[in-house]
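Report on one structure; see the data block that follows.
Values in this text are rule-based calculations from the coordinates and carry no lab data. These numbers come from a predicted model, not from an experiment. All Cβ positions, glycine included, derive from the backbone under ideal geometry; neighbour counts span all protein chains shown.
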Amino acid sequence: MACLLLAVATGAFGAAPPTGVELEARLDRLAAQLRCQVCDNQTIADSDAKLARDMKAVVREQLAAGRSEEQVIAFLRQRYGDYVLYKPPLRPGTWALWFGPFVLLGAGLLLLWRALNRQKGEHA
């Protein structure tokens, strides 16, 4: 009997699925970490798009079924790729997401600098 009580106390049988306030808090926490796939740089928490609402429903179902937040994120990453994460991990497959804007900015500044130098040379 003591072993059974110890197993229940330590969670050996798995945690019960979250309900009510706990479920909504976990949903809100996850929704703020997940990118809407059709919106411009919005999380599914901030978006009113149908896909964002559908994604939130999937997250709610997964959490209600007792899956951990990590399992839900892994499920969505498998379905949508790393782009679904609002802050994708830094690795070779996501370098374009992390460094692309800086490369484009640098290329634009280089083109501007060259155009200004060319214009300065014509007026000399």
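Observations on the model:
- Condition check for R77: farther than 27 Å from R26 by Cα and among the basic types (K, R): no
- Residues that are hydroxyl-bearing (S, T, Y) and assigned to a helix (DSSP H, G or I) within the stretch 68-124 comprise Y80, Y83, T94, listed in sequence order.
Residues are listed down the side, and each one gets a yes or a no for (1) under 30 Å from G20 (Cβ atoms); (2) among the hydrophobic types (A, V, I, L, M, F, W, C):
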| residue | (1), (2) |
| --- | --- |
| A64 | yes, yes |
| R79 | yes, no |
| Y86 | yes, no |
| W95 | no, yes |
| F99 | no, yes |
| G106 | no, no |
| L109 | no, yes |
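- Qualifying residue in the stretch 61-72 (condition: within 13 Å of the chain's Cα centre (by Cα) and touching a residue at least 24 places away in the same chain (Cβ under 8 Å)): yes
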